[in-house]
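Colleague: So that we are looking at the same thing, I have put the structure below in structure tokens.
Read-outs: derived from the displayed coordinates by stated rules, not from any lab. These numbers were taken from a predicted model, which means no experiment stands behind them. Heads up, the Cβs are rebuilt from the backbone with ideal geometry, glycines too, and the neighbour counts pull from every protein chain shown.
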Amino acid sequence: MSTGDVARRSPLAVTGGRNPVTPASSLADSRSAELYARALTLLPGGVNSPVRAMRAIGRDPLFVARGEGCELIDVDGNRYVDYVCSWGPLIHGHAHPEIVKAVTDAAALGTSFGAPTPGEVEIAAEIAARVPSVEMVRMTSSGTEASMSALRLARAATGRDTILKFAGAYHGHVDGLLADAGSGLATQGIPASPGVPAAAAKETVVVPWNDTDALVAATNHYELAAIVAEPYPANMGLVPPAPGFLELLRERAAHNGALLVFDEVISGFRVAPGGAQERSDVIPDLTIMGKVIGGGLPAAAYGGRRELMERIAPAGDVYQAGTLSGNPLAVAAGLKTLELLTETAYAQLARTTELLADGLRDAIRAGGWFGRAHVVSVPGLLTVFFRRDRVRDYADAADCDRDAYAAWCRELLARGVYPPASQFEAWFPSLAHDEVAVERTLEAATAAFAALPRGAGA
Ligand code: PMP
């Protein structure tokens, strides 16, 4: 699941079991339905990560048989142009032959050793060469683990406990980061999920994104170990920073004595080779990475300046470990993925995103939704917000017409396009999305807008 604030995405709105909403689609999904019925008896909610259940768009999940390039093929044989792409890792699309070969070659040599391998040194060097803030890297198996560990390091380095995060940002399901804002401009967090100790949430201060006054107030009031931010937040839909806001983060962190931690799990290696920090020239103290660096296998990492990273065991005293950290299959997939991310590749991804974003703007107009929906994009990421006015923070994102977004997504699925099943997620175009795929998407998108019930979203 690529979710932020748990409460706002809670499936409670749609009670357990099969979803009562009938999809407005002609999709044949009987095999998916059978599998889902069985899965519901074996897996909580029938899935291994909540957003996959598609409850936010009022339908049941589609079970996937395979992926080919930019396409997903479900167990009923339906083909979709896929804009989830595993929620970000598949920047080269599904089953890229060179990545598959790198993984199978690595597997033939043994799948895990619990001892160092040459690839780990190589991928650390590749990451350090690309990401401006990174001199040293520690690999983990998930983004959650990486952010939990980066925050431990920030607390050790500063001798402080409190973390500042932004409402609507997601940094994995780390206890202290599953915190919701209370009332007021900048508040100590309250647990966003049962099971999160109040004490853990209390060490988190939650501030609205892009809110200069709240940030200044919080950084004047609290002694912080870290300010943690997605520099291009993409877990409330894509909500880029207002001009100057990332610079202000840097300045306020320095003023406070806190470390600035960028969570580039989504933006890293996607919006530019060195992520959002390269595009913005704002250099954090620590960076959390994931998704693309695993090339579709489980890998994530955190990194930063040498003297900070050398606090990590066994170089230093801050403990953190992992049986499968730096797993050779994941490292092989990640290395090949990075090798294929040339300058030309980034130019192509930017062009594809722009084509798609412009085309979706036209589709909004042609489908009669001008003034009720708009598109936000940066290279490699976009969101269609069902709202007239620009989205600046989580409160604005929550104000979108989510029922209309859900209906539009069901219409897209019926027309062979697989969108992220939540208004709070970004679309992930890949290098496998060619002009033909984009054209197919835009035809479907226009028809899907036109098919929405009259008055929806008004
Ligand atoms: N940070 C961000 C910005 C994310 O989007 C995610 C997950 N989508 C995570 C951290 C957590 O990563 P993982 O799901 O690998 O634990």
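Colleague: I need the peptides 415-426, 31-42 ranked by packing, meaning the mean over residues of other C-beta atoms within 10 angstrom, with the highest value on top.
Modeller: 415-426, 31-42
Colleague: So, R0 is 35 Å and r is the distance between the beta-carbons of ALA217 and ALA450; what FRET efficiency does that work out to, to 0.05?
Modeller: Between ALA217 and ALA450 the formula returns 0.15.
Colleague: Can I ask one more? Please sort through the DSSP H helices of the chain and keep those with an alpha-carbon extent of at least 15 Å along the long axis and a Kyte-Doolittle average not below -1.0.
Modeller: 30-42, 97-108, 118-130, 143-158, 245-256, 328-340, 343-366, 402-414, 435-451
Colleague: Remind me, relative contact order of region 174-327 in percent, using alpha carbon pairs under 8 angstrom and six or more residues apart?
Modeller: Relative CO of region 174-327 lands at 13 percent.
Colleague: So how far apart, in nm, are the two label points at TYR319 and ASP403 if each is 7 Å from Cα heading toward Cβ?
Modeller: Spacing of the two 7 Å Cα→Cβ label points: 5.3 nm.
Colleague: Please arrange GLU203, GLU310, GLU411 by how many other C-beta atoms lie within 10 Å of their C-beta, fewest to most.
Modeller: By the 10 Å Cβ count, ascending, the order reads GLU310, GLU203, GLU411.
Colleague: A further question follows. For ALA395 and ASP281, what does the FRET efficiency come to when R0 = 41 Å and r is the distance between their Cβ atoms, rounded to the nearest 0.05?
Modeller: 0.90
Colleague: By count of other Cβ within 10 Å, fewest leading, how are TRP427, TRP87 ordered?
Modeller: If I rank by nearby Cβ atoms, fewest first, I get TRP87, TRP427.
Colleague: Could you name the lysines whose alpha carbon sits less than 30 Å from that of LYS165, not counting residues in the same chain fewer than 8 places away?
Modeller: LYS202, LYS291
Colleague: If you don't mind, another one. Give me LEU329, LEU151 ranked fewest to most by other Cβ atoms within 10 Å of their Cβ, as a rough exposure proxy.
Modeller: Least crowded to most crowded, the residues run LEU329, LEU151.
Colleague: Can you list the HN-Hα couplings for region 68-77, worked out from phi with the Karplus curve (6.51, -1.76, 1.60; θ = phi - 60°), rounded to whole Hz and with x for Gly and Pro?
Modeller: Once rounded to whole Hz, the list reads 9, x, 8, 10, 10, 10, 8, 5, 8, x.
Colleague: Can you tell me, using C-alpha contacts under 8 Å and at least 6 residues apart, the relative contact order of region 308-458 as a whole percent?
Modeller: Relative contact order for region 308-458 comes out at 24 percent.
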